[in-house]
Each structure stands twice: as structure tokens, then as C-alpha cells.
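Beneath this line is the structure, given in C-alpha cells, with notes to follow.
The values are calculated or read from the model by the stated rules, or taken from the named source; none is laboratory data. Computed from a predicted structure; not experimentally measured. Note that each Cβ is placed from the backbone with ideal geometry, even for glycine, and that neighbours are counted across all protein chains shown.
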Amino acid sequence: MAEIKVRDLRKEFGVGDDKVVALEGVNLDISGHVFVSIVGASGCGKSTLLNILSGIETPTHGDVQISQDGKPAAKGYVFQSARLLPWRTVMDNLLFVQKDRSEETRARCQHYLDMVQLGDKGKKYPGELSGGMQQRVGIARAFSTEPDVLFMDEPFSHLDAITARTLRAELQNMWQETRKTIIFVTHDVGEAVELSNRILVFAKGGRMADDLAVPLPFPREVADPEVAVAKANVFRTFESIGALAVS
Ligand SMILES: Nc1ncnc2c1ncn2[C@@H]1O[C@H](COP(=O)(O)OP(=O)(O)O)[C@@H](O)[C@H]1O
Ligand SMILES: [Mg+2]
């Protein structure tokens, strides 16, 4: 089981007059097969938190531990854009991040391409695919290394609404089937409520303003009244912290 422990986390960028406090006094415990969303307005430290959790950034102060059954956890990352290598085929983009090129590894990559409904596109180049398909390849690539914890930073924010909706449903299925721990950053409250069992609301200055459970069954229908109530709860938190200008 994956476990994430964050203690008294602080992150500053720059010095003197240019100093920015991106995160302040963040404490967090996450464990097991959960889908946790981090929501908040632009600039409130969401990406910084994800980058520290995934090891891309180091904290100024505080402690972060991410383990899987007591050992260091394997991590995966999906970015806002797919960041594929344009000169490699779809299958080669997945193979590029693997430890070996064995038949078993190829079969695993094919399995995750099938899961994102791109099983027949392995020989295509990224430039031949739509934006939504490219993001699917990025998601398949992240799952294909079978990480214990998957970090996703606004992965659907560049897609049109219909495509984003389809990809959310696919991601939800993949999360259920693979039983990974997913930490998902978004500025879209509806998206967070549709996908997560827990929502961390961040406020300006990088403080965690609320930690909400969303104990509704999956799959969730956007039109479901209980989903609307959960959404209203998150917006109430934003209102109480004076941050309703969520874009
Ligand atoms: N590498 C960096 N250098 C300087 N300031 C940064 C850097 N990364 C982020 N920041 C600042 O830290 C704050 C939080 O940024 P970020 O984590 O990207 O917010 P979010 O993802 O919620 O939009 C912002 O004020 C941003 O300008
Ligand atoms: Mg960000």
C-alpha cells in the first residue's frame, strides 16, 4: 500500500524582495487506493506541491516521505501536455521509459495502449494524432511503468470539454482497475468532484484551507444532485477563504 506523509512543508522561491512563498505549513497523510485532487486558484502552489511530492523540486523546509509497503515508492507523472518524443512512434514512446524491451514489456505497453483505446495506433507518430490522443498516450506511458503513485498536473486542461469528459471516464476506469494511488491537480472543481474521494483545497500563499471527503460511489454523473452538493461544499470553502475567483 502506498503511503504519503508530508510534515510542515514550506517552499520559497527567490530571495529578498523577490521572495515568493509557494507553500506554507502543509501537513498531509494519504494512504492506499485513493484518488486525491488538489484544487485552488492559479498560483496557490498546486504544481509546486506536486513537484515536491514527485521529487522534481526540493522543499525549503519540512519532510516528505512516499513509500510502498515500507520501501521507496515508484512514481509516475502526467503533465499538462503529453511531452511525447515526436520522432518516436507511439509504441517507442512507451518503450523508451521501460527498463527492458522484452516481449513481456512490449505486451504490457500494448495493454496500456489498449486501455486508452489506442491499441491500433502503436506505429503512428505523435504528430499524426489529435491532442486528446496524444494526452492518452502520455497517460498510457505513465501507467505502463506501473508506478505505485501517479501524479497528474492538470492533464485535461488543454483539451476541449467533450474530449476531457471522455478522458476523465477512462482515467476513472484505469484507477479502479489498477488500484493505483493518484494525486491529481486541477483548477476545475467539477472535475475534482467527479474523480476524487478526497479534495484538498489550497488557498493563496500555499496553505491548505480544507481537506474534504467525497464519499460518493463511482462512476459519478455530473447531473447527480449529490455531486452538485459536493461541488457546492468546495465552492463554500473557496468563498470562506475569499478565493472565489477560480478560473
Ligand atoms: N521556479 C519558480 N521560480 C520562482 N517562482 C516560482 C517558481 N515556480 C513557482 N513559482 C511561484 O510559486 C507560486 C506557486 O506556483 P505554482 O505552484 O505553479 O502554482 P499553481 O500550480 O497553483 O498555479 C506562484 O507565485 C509562482 O509564481
Ligand atoms: Mg500549476
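Of all residues in region 226-247, none that is on the phi > 0 side of the Ramachandran plot has its Cβ atom under 6 Å from the Cβ atom of a residue that is crowded, with 17+ Cβ neighbours inside 10 Å and modelled with pLDDT of 85 or more, 6 or more apart or on another chain. Ala73: more than 30 Å from Lys11 (Cβ to Cβ) and among the small types (Gly, Ala, Ser), yes or no? For Ala73, the condition - more than 30 Å from Lys11 (Cβ to Cβ) and among the small types (Gly, Ala, Ser) - is not met.
Being within 16 Å of ligand 1 (Cβ to nearest atom) and farther than 22 Å from Ile162 by Cα is the filter here, so list the residues in region 75-132 that pass it. The one that is within 16 Å of ligand 1 (Cβ to nearest atom) and farther than 22 Å from Ile162 by Cα: Tyr77.
Table: residues versus (1) surrounded by 20 or more Cβ atoms within 10 Å (Cβ to Cβ); (2) assigned by TED's automatic domain parsing to the domain that holds Pro225; (3) closer than 29 Å to Val229 by Cα.
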position: Phe96; (1), (2), (3): no, no, no
position: Lys124; (1), (2), (3): no, no, no
position: Arg136; (1), (2), (3): yes, no, no
position: Pro155; (1), (2), (3): yes, yes, yes
position: Asp160; (1), (2), (3): no, yes, yes
position: Lys180; (1), (2), (3): yes, yes, yes
position: Val185; (1), (2), (3): yes, yes, yes
position: Asp188; (1), (2), (3): no, yes, yes
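One line per residue, one yes/no per condition, for (1) on the phi < 0 side of the Ramachandran plot; (2) more than 16 Å from ligand 2 (Cβ to nearest atom):
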| position | (1), (2) |
| --- | --- |
| Ser102 | yes, yes |
| Glu128 | yes, yes |
| Ala169 | yes, yes |
| Arg179 | no, yes |
| Ile183 | yes, no |
| Gly206 | no, no |
